[in-house]
1. How far apart, in nm, are the 7 Å Cα→Cβ label points at Phe21 and Asn36?
2. Net charge around Met174, counting only other residues with Cβ within less than 15 Å of its Cβ (Lys, Arg = +1; Asp, Glu = -1)?
3. Please state, rounded to one decimal and in Å, the Kirkwood hydrodynamic radius that the chain gives when every pair of distinct Cα atoms enters the mean of 1/r.
4. How do the peptides 142-152, 218-228 rank, highest first, by the average count of neighbouring beta carbon atoms within 10 Å per residue?
5. What is the extension gain from Asn54 to Asn219, computed as 0.36 nm multiplied by their sequence separation minus the C-alpha to C-alpha distance, in nm to one decimal?
6. Gaussian network model of the chain, Cα springs within a sub-10 Å range: biggest mean-square fluctuation belongs to which of Leu60, Leu188, Leu27?
7. Which value in deg cm²/dmol, rounded to the nearest 500, describes the helix-derived mean residue ellipticity at 222 nm for the chain, given -39,500 (n - 2.57) per DSSP H run of n ≥ 4 and division by the residue count?
8. Within the chain, which is the longest segment that contains none of the GluC sites (Glu not before Pro) sitting in a DSSP loop with at most 16 other Cβ atoms within 10 Å?
Amino acid sequence: MNSDSPIRPTLLNRAISVALFFILLGLWEFTVRYFNVPAFVIPKPSSVVVALYNGLANGLYLWHMGITLAEVLAGFAIGSGIGFLLGVGIATNRYVEYFVYPYAIVLQSLPKVALAPLIVLWFGLGITSKVIAAALICFFAVMVNTVAGLRSVDQDRVDLVRSLDGSNFQVFWMLRLPAALPFIMAGLEIALTFALIGAVVAEFIGAENGLGMLVQSMNFSMDVAGSFSVLVVLAVVGLVLNQLVAQIRKRLIYWERRPDTTAPEPEDADAHSVVQTPSRATS
């Protein structure tokens, strides 16, 4: 078996992964109890589970999760759309690249955590400021990956289409966009994570609702177990959103071949074609 081959999600491997998770929780619980660590420093996992159950049972976490999810999705849609359009413009028009790209880099270089208080001040404590913060922090990943993808097309193939009297739109639609899709989807996966971070950071600064506001409120009341339980909810939200984009990528880029665990050994591999997966332009 090739050491570089991915581990198959067999029942045994999943059982080992789950067992490892519970072992870590057990060590955490034992350490806190044995050393008598105060609850306001590190809570016991059992306390976190109780806080998580109570928050879900009374609907408090679900309400605030809905608010945060709406902010993330709206910011992600706006930021990704702007990033894609800017990426297309930069990759296909040298004037856009010359005049717009430097300002996009300057905007990206600004720390969004420092901008968040200003955004909240300008747009208020409602959902608008969170959407703008999420869009600002996520657009650059999509833009850079779009530019890299559109420019990854083999120039010989472009020349071939042009020799057949293909228009610029046909070159874009038939060559550049399909080649750029793996890059764009990789950028979307990164952007979605950034959008969640941007929305929660803006909620930390000032908000009336949302999971970030809930964490801040619990920190003020020294409810550390409750804060940990909200972080668990945020982690689950991020994981679900990431898996959603990954599933869309699998269906949209149907020609993209994942590493095959049943692939032949290296000495026989030269008899088969190898499809390479483009790497992410940003991480």
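1. Simple spin-label model gives 3.4 nm for this pair.
2. Values: positive: Arg157, Arg162, Arg176; negative: Asp154, Asp156, Asp159, Asp165.
Residues close to Met174 contribute a combined charge of -1.
3. Numbers: mean 1/r = 0.0454 Å⁻¹.
About 22.0 Å, per the Kirkwood formula over Cα pairs.
4. Values: 142-152: 24.0, 218-228: 17.0.
Per-residue Cβ counts within 10 Å, averaged per peptide and sorted highest first, yield 142-152, 218-228.
5. Values: separation 165, 0.36 × 165 = 59.40 nm, distance 1.72 nm.
Extending this stretch completely gives an extra 57.7 nm.
6. Its mean-square fluctuation being the largest, the pick is Leu27.
7. Numbers: 13 runs with 206 residues, N = 283.
My calculation for the chain gives -24000 deg cm²/dmol from helical runs alone.
8. Details: sites that count: Glu208, Glu256.
The answer is 1-207.
Bear in mind that the values in this text are calculations on the coordinates, not laboratory data. Note that this is a predicted model, so its numbers are computed, not measured. All Cβ positions, even for glycine, are placed from backbone atoms using ideal geometry, and neighbour counts span all protein chains on display.
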